[in-house]
Amino acid sequence: MDFEIQRLATSLDEMSPTGRATIFGLCARVLAPLVVEVERRYAGVWSFRDYAPALEVIETFALDAGPAGDHGELRASLAASVPNGHDLDGPWSTNVQAAIICADAGLAAASVDAQPESIWIEYALEPLTSSVQARDIALVRRLGYTAWLYRLPQDPAVAAALNFMQQCCRRILSGGPLTRREFTALVSEGNVLLPVRVD
């Protein structure tokens, strides 16, 4: 799995800031329902009111060729809203942290004075891989975590997510900026990044 994530990170290294903002913004938009679900489950306790505005800033930069800006205040406010691991029941802490990190990475790409670390793309896959691990807990115990992680890219759900991410990266690298219509279509296809059901 580490190899697959590094491949994605290498693709991001080759992109312009607009391309990076597009990829991280796309992932943050796909993961947005997880943020909404946390707000619903913990009504009145957790609110992520900077999340939607952050997505709008990212998408304006990435899709409408808006200028890079100073997003330090929005990034700081967004980061301050991230719950600690013990503040929420699993998997909600993992899910919302991953979504907010993707949004922060997109804001960094759209900033005049910052750039995201390409390896942060691993957070786009974290809600899914965490749910697969919970689903496979008996297998993890039998094989050991390292052996399970080695096999993880062959899991159908994870393979579909990796394929989606690779296709998005290839599209950005070969074809330049996405249109809003293309972006919206990819958000729908990006449902493969969402967690699997764990019984």
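Here region 1-137 has 50 percent of its accessible surface on carbon and sulfur atoms, given a 1.4 Å probe and all protein chains in place.
Which of rounded, prolate or oblate describes region 121-199 when judged by the alpha-carbon gyration tensor and an a/c cut-off of 1.5? Judged from the Cα gyration tensor, region 121-199 comes out prolate (a/c at least 1.5, a/b above b/c). What is the chain by shape, rounded, prolate or oblate, if you read a ≥ b ≥ c off the alpha carbon gyration tensor as root eigenvalues and call it rounded for a/c under 1.5, prolate for a/b larger than b/c, and oblate otherwise? Cα axes put the chain in the oblate bin.
Each Lys and Arg contributes +1 and each Asp and Glu -1, all at the Cβ; summed about the Cα centre of region 54-124, the dipole is approximately 60 debye.
Ignoring the sites themselves, the chain has its longest run without GluC sites (Glu not before Pro) in a DSSP loop having at most 15 other Cβ atoms within 10 Å at 15-116. The packing ranking of peptides 77-83, 144-150, highest mean first, is 77-83, 144-150, where packing means the average number of other beta carbon atoms within 10 angstrom of each residue. When only Cα pairs below 8 angstrom with a gap of at least 6 residues are kept, the chain shows a relative contact order of 33 percent. Here SER81 and ILE119 are evaluated by their C-beta separation; at R0 = 25 Å the FRET efficiency comes out at 0.65. Split the chain at each of the trypsin sites (Lys or Arg not before Pro) in a DSSP loop with at most 11 other beta carbon atoms within 10 Å, and the longest piece is 50-196.
Computed with a 1.4 Å probe over protein heavy atoms only, the accessible surface of the chain comes to 49 Å² per residue.
Two tests apply to each whole DSSP H helix in the chain, Cα reach of 20 Å or more along its axis and mean Kyte-Doolittle hydropathy of at least -1.0, and the ones passing both are 17-41, 92-109, 156-175. Enumerate by residue number the chymotrypsin sites (Phe, Trp or Tyr not before Pro) in region 45-128 meeting two conditions: DSSP loop (anything except H, G, I, E, B), and at most 16 other Cβ atoms within 10 Å of the site's Cβ. Loop-located and lightly packed - none at all. Take every Cα pair under 8 Å whose residues are at least 6 apart in sequence, average their separation, divide by the length of region 1-106, and the relative contact order is 39 percent.
The values are calculated or read from the model by the stated rules, or taken from the named source; none is laboratory data. Here the structure is a predicted model, which means the values were calculated and not measured. Note that each Cβ is placed from the backbone with ideal geometry, even for glycine, and that neighbours are counted across all protein chains shown. Protein only, heavy atoms only, side chains kept; ligands, DNA and RNA dropped before computing areas. Shrake-Rupley method; radii C 1.70, N 1.55, O 1.52, S 1.80 Å.
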